[in-house]
1. Hey, does segment A:253-264 have a residue that's farther than 19 Å from B:Glu503 by Cβ and away from every other protein chain (no Cβ under 11 Å)?
2. Which residue, of A:Leu145, A:Leu133, A:Leu138, A:Leu115, is at the interface with chain B (Cβ under 9 Å from one of its Cβ atoms), aliphatic (A, V, I, L, M) and in contact with a Ser or Thr (Cβ under 9 Å, 6 or more places away or on another chain)?
3. Taking the conditions exactly as written (at pLDDT below 90, part of a helix (DSSP H, G or I) and not β-branched (Val, Ile, Thr)), does B:Pro306 satisfy them or not?
4. Quick check: anything in segment A:223-234 surrounded by fewer than 18 Cβ atoms within 10 Å (Cβ to Cβ), within 18 Å of A:Val110 (Cα to Cα) and either assigned by TED's automatic domain parsing to the domain that holds A:Ala114 or in contact with a helix residue (DSSP H, G or I) (Cβ under 7 Å, 6 or more places away or on another chain) (or both)?
5. Sort out for me the helices (runs of 4 or more DSSP H) sitting completely within segment B:423-474 that have 1 or more residues that are at the interface with chain A (Cβ under 8 Å from one of its Cβ atoms) and small (Gly, Ala, Ser).
6. Inspect segment B:174-186 for any residue being under 28 Å from B:Thr239 (Cβ atoms), hydrophobic (A, V, I, L, M, F, W, C), surrounded by 20 or more Cβ atoms within 10 Å (Cβ to Cβ) and in contact with a Ser or Thr (Cβ under 8 Å, 6 or more places away or on another chain) and give the result as yes or no.
7. Go through (1) more than 14 Å from every other protein chain (Cβ to nearest Cβ); (2) touching a residue at least 40 places away in the same chain (Cβ under 8 Å); (3) of a type in the set (Ser, Thr, Tyr) and name the single condition B:Ser397 misses.
Amino acid sequence: MSTVPTRTGTPVTDATAPRGGEPPVWVRPVRWTQQVGWRYLVVAAALFFALFPAVWVISAAFNPTGSIAAQRLIPDPISTVNFEVLFETHFWRWFGNSMIVAGVTAVGSVFLCALAAYVYSRMRFHGRRTSLLALLLLQMLPQFLAIIAIFLLMIGLGRFFPEIGLNTLAGLIAIYLGGALGLNTWLMKGFFDTIPHDLDESAKIDGASHVQVFFTMILPLAAPILAVITLLSFIVAINDFIVQSVLLTDERQFTLAVGLYRFIAEDYGARWGPFTAGALLAGVPIVLLFLFLQRYLTSGLIQGAVKG
Amino acid sequence: MTTTTSPGTDTQPSVPGGVDAAIRHGDHPLSRFGDTLMGVFVKLVLLGAVNGLGVLMIVRIVGLDGPWWGVATVAVTTLLLDGIYLGKRKLPLKYLIPGTIFLLIFQVFPFVYTFYIAFTNYGLGQILTQDQAIERIERVSIRTLPDAPRYGAVPFADGDDVALLLTSPDDEVFLGTPDDGLLPLAELDVTEVDGRIVAVDGYERLSLGAAQDRIDAFTALRIPVEEGEIELVSLSAATMREQTRFYDPDTGLLTDELTGAVYAPSDRGRFVNVEDPADTLSPGWRVVVGTENFVRAFTNEAIRGPFARVLVWTYAFAFLSTFGTFALGLLLAITMNDARLKGRRIYRLAMIVPYALPTFMTALIWRGMMNRSFGVINEMIGVAVPWLNDPNWARFSVVLVNLWFGFPYMFLISTAALQSIPSDLYEAASVDGASGWQRFRKITLPLLLIATAPVLVSTFAFNFNNFNVIYLLTGGNPPIAGAATPAGHTDILITYTYRIAFESGGGQDYGMGATIAVLTFVLVAAMAALSFRWIRPLEEINE
């Protein structure tokens, strides 16, 4: 990732250290407060802000009262009754549906994206500049702006091909794959550009076809960016609410987003406990994936991917 | 291009260089042949699958009386794919097509289709095509006439299928089934015991008790006959229901034979009584109404007022979110960018938590926490702030929650950008006697802004259409009083579009929803055009 700023300069604040000799001992606590101490205060406030909702959800999930009122930070007694109530719904079915949709979308997106990025990085052809710019423009116009048309399209398609019509996971995946190209293609092309061209040139001289170069050289060398795009596509698919809520009406076909939303929106007061239990479980795969891919992600994000 | 090892490749042991390559450069017929054979095989299998799929799709469309252009599209697409992948040329296309097909069907086409819908009256009551609407009107006009013929009926069943043995007023006997209508008994295989018909064509006679057990199936039974249908009135009698409205394809008029009224199709997609314009038939069908939706959006006070508010709030929300998250992220990045701070790695990891949790879930959690009566925030502070119920508080709340969602990303970006600012700049500034604030204003901020401008632009565009936070936190509410469409004080354009189209309160007006979506397209596209110059990757296109 050549464009990632990796040069580590001296931390900004080191330059603020007073010049000249060591100050008298009695000045040190004051100076420490001015230069370092306040940072702990800011960090403490930031930690509270960032973590409070998460901590509170964990607490709520194990609170036996199950209602939004009367919740204490440390539940007493700790109970799993919320999970038992939750499992009376189709929760695991929703969970599985979400994993299937997000998983297939992520893998499919990466593949489609890599194919496109390969030609943009390695070949020069008529319309290259125009189509690259078009992809960038399309990225600015999110797919779900056309949600009404997508809905009507799926009704129309479903008349002839119910396999990918309303209420199907396949239909949902197909729609998400429609958004596979876009900024992700740019990210991936940027990475492919950093893989030396000499590599594939000499492989071709060696008799390798362009397909072989793509599968046996470019893809393995591009593993970091593939990981980043996988994660981003997975997150986009699992977080989407608008398309899923329009397409899915059958409770057994719900995903986590639609299922948990319907579950809690019907009765915020009484279903709070089971809902937080579900939220906790829903967060697990994403957090795991995040931790697993974190080191790739930071650099990938800086190249301009968007979320939040 | 090169047969010698270049500096860039010597870390890659798999790459042959120098003499090695020169030797292998000479054709290696065997390996080449093997690779190609495998490639051709895979290609043919895949193409075969594509063609098979194409044929299946065509068969399906034709079988269901689908439109000819559907068949044509599938056929032409399949042939084009064959041509491209079997041909030797058009190499880039071979790689671009898989993603492009999905892009065209599920993104480009919906965009174009949205424009079309915006010029129609598509919506509740106007969903069907005219042919479908006529069929529906004729079907619902089937009713029992006062002088309708009565039939004697005996219930029969074959497994789950139910049927009736019917005796007409002039004593003809038929077997009536929902699929085949009336079948004269003479043509069927009839079993009689003691002069009683006990079985016909696999259907067996049911006792009254057995029929009573399946009463739902029998009440739902409709036996189609010409211009109407037969249904049960009791378990031993049936009556004829007749169609009363008829469409004449030659005149284009629809006549009600009971009242004698004549209906003509209007340009609004309804059949209207030619003598009484107030008398219209449901359902209607969708018609192109031109720029009517756009005119309504800009002139009708009950639509224009809320729309203008939503528009202004969309910009305000995107702006506040973008710069709020950037300011907070930058503040935290600067705060933690000091080697003397202990545990920085852990703090940085903790800052990512809001980013790592799925937003659909955390938005709903914030909604619970901000509940006025029993939310944890009010309970902790001991107040009753209407976080989500008062217009101004609700606006504050969505921005606050979005700050929570967005600052980790800005924190990551700012951290990386800070670390890339050369330290000698600061040293030079110190030598010149610049204060800490001056160094921030004159060095850190300008350099940071240059590095993060593309990110700020894309974050703005993202928040412009941040459906999840708004819809899941407030649903766009509290509602704006006096609005003709469902509109709330926290609605942004995309949630507004969604609610007009899919929430029943507004009567599911797809045309109007698409109109708002088209206006959003235009605004976002204009924003994109303006920001293109800032986005660095553009410069790399011409390498």
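The values are calculated or read from the model by the stated rules, or taken from the named source; none is laboratory data. Source: prediction; values computed, not measured. Neighbour counts are summed over all protein chains in view; Cβ atoms, including those assigned to glycine, are modelled from backbone coordinates with ideal geometry.
1. Checking segment A:253-264: at least one residue is farther than 19 Å from B:Glu503 by Cβ and away from every other protein chain (no Cβ under 11 Å).
2. Criteria check complete, one pass: A:Leu145.
3. yes
4. Within segment A:223-234, one or more residues are surrounded by fewer than 18 Cβ atoms within 10 Å (Cβ to Cβ), within 18 Å of A:Val110 (Cα to Cα) and either assigned by TED's automatic domain parsing to the domain that holds A:Ala114 or in contact with a helix residue (DSSP H, G or I) (Cβ under 7 Å, 6 or more places away or on another chain) (or both).
5. B:423-431, B:436-439, B:445-464
6. Within segment B:174-186 (the criterion being under 28 Å from B:Thr239 (Cβ atoms), hydrophobic (A, V, I, L, M, F, W, C), surrounded by 20 or more Cβ atoms within 10 Å (Cβ to Cβ) and in contact with a Ser or Thr (Cβ under 8 Å, 6 or more places away or on another chain)), the answer is yes, since at least one residue qualifies.
7. (1)
To keep it simple, each residue is scored yes or no on (1) in contact with a strand residue (DSSP E or B) (Cβ under 9 Å, 6 or more places away or on another chain); (2) acidic (Asp, Glu); (3) surrounded by 15 or more Cβ atoms within 10 Å (Cβ to Cβ).
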site: B:Gly70; (1), (2), (3): no, no, yes
site: B:Thr77; (1), (2), (3): no, no, yes
site: B:Gly87; (1), (2), (3): no, no, no
site: B:Pro98; (1), (2), (3): no, no, yes
site: B:Gly123; (1), (2), (3): no, no, yes
site: B:Gln126; (1), (2), (3): yes, no, yes
site: B:Val140; (1), (2), (3): yes, no, no
